[in-house]
C-alpha cells in the first residue's frame, strides 16, 4: 500500500510514502533538493494543500512553478521571483527605448532619401529645360 | 509595537503581540488581508524564519515581495508569479525581434546610400546591437519532473496576465 521507494517529500519528512501520496509524482527521490526548497519556503502541508486543490492534469505544472519560486526565493531571500520580474520589466523599458530610437533613425533616413530624390528630380528638370533652350536656334 | 493593539499577524494567530514581535512592523492591524494571504501561501512559521534570516533593513522589501508572490499564487494557483515571468519574457522576445528587423532595415538603407556614407561598424558593446544576440537569461530552463513545463514555456504568448499591483 506504499511506494517501494519513498518520494523525496516522505523521505525528508521521515514518514511512510503511501501509494496515493499527493507529492510523490512531483518530488521524486532522485531530486531531494527540489523538495527541500519547496519545504523551506512553502512548507510540506501548504504544498500538499495547494496541489490537492488542483485537478490532476495541472498539478505537474503547478509543482514545477512552486519549485521554481521556492528555489528563486532561496537564491534571493529578499526578492525571490519578484527580482526576476523587475529585471524583465527593466529590459522591456530598455528594448522599447532602443526600438523608438531605431525607428526614428529609419524615419530620418527615409526622409533624407526622399529629399535627395526630390532634389535629383528638380536638377533633371532644370537640365532638361536648359538643354531645350540650347537646342533652339 | 505590541503594547496597545496586536499586529495583524498576532490577531490572526490569536496570540499576544510581544514588543519585539517580528511581524508587527510589516503587518499592521489595519491591513489584515496582507498577513492572511502570506500566511495562507507560505505559513506564518516559514515567514517568521525567512524574516529572521534577513538583516532588519531588508525585511520590508522581503515582506513586499512575499505579499506580491502570495497574491499572484492565489490569483493563479497553477502558475503564480511564473505566469508573469513567462509573459514578460515573451514581450522581451517580441521586442528583440522587432528591434532586429528595424536594425536590418537601417543597415539596408545605409548600404543603399551613396558610398560617401561609411559602413557602420558593428560594435559588440554598442547597446543598439545588443539585441541581435539573445542576452536574456533563461529563467525558465529548469529541470522538472515532467515535460509539461518545458512545453508550456516555449517562446509563445500563452496568457495575457494582469500584473498583480
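Values quoted throughout were computed directly from the atomic coordinates according to the rules given, and no laboratory measurement underlies them. Keep in mind the model is a prediction, meaning the values are calculated, not measured. As a convention, Cβ positions derive from the backbone with ideal geometry for all residues, glycine included, and neighbour counts pool all protein chains shown.
Key figures for this structure:
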{"item": "Options A:85, A:126; residue that is without any contact (Cβ under 8 Å) to a residue 12 or more places away in the chain and under 16 Å from residue B:76 (Cβ atoms)", "result": "A:85"}
{"item": "The lone exception for residue A:92 - which of (1) within 10 Å of chain B (Cβ to nearest Cβ); (2) part of a helix (DSSP H, G or I); (3) within 18 Å of residue B:79 (Cα to Cα) it fails", "result": "(3)"}
{"item": "Members of segment A:1-30 found to be under 24 Å from residue B:73 (Cα atoms) and either out of contact with any helix residue (DSSP H, G or I) (no Cβ under 9 Å at 6 or more places or on another chain) or assigned to a loop (DSSP other than H, G, I, E, B) (or both), listed by number", "result": "A:21, A:22, A:23, A:24, A:25, A:26, A:27, A:28"}
{"item": "Search result, residues across segment A:70-94 that are surrounded by 18 or more Cβ atoms within 10 Å (Cβ to Cβ) and within 14 Å of the chain's Cα centre (by Cα)", "result": "A:81, A:82, A:84, A:85, A:88, A:91"}
{"item": "Output for segment A:49-76, where each listed residue is more than 8 Å from chain B (Cβ to nearest Cβ), in a helix (DSSP H, G or I) and more than 20 Å from residue B:85 (Cα to Cα)", "result": "A:49, A:51, A:52, A:56, A:57"}
{"item": "Top-ranked residue of segment A:112-127 - restricted to ones that are under 43 Å from the mean Cα position of the chain (by Cα) and away from chain B (no Cβ under 11 Å), ranked as farthest from residue B:99 (Cα to Cα)", "result": "A:115"}
{"item": "Residue within segment A:35-48 that is within 17 Å of residue B:68 (Cα to Cα), part of a helix (DSSP H, G or I) and either within 11 Å of chain B (Cβ to nearest Cβ) or touching a strand residue (DSSP E or B) at 6+ places or on another chain (Cβ under 9 Å) (or both) present", "result": "yes"}
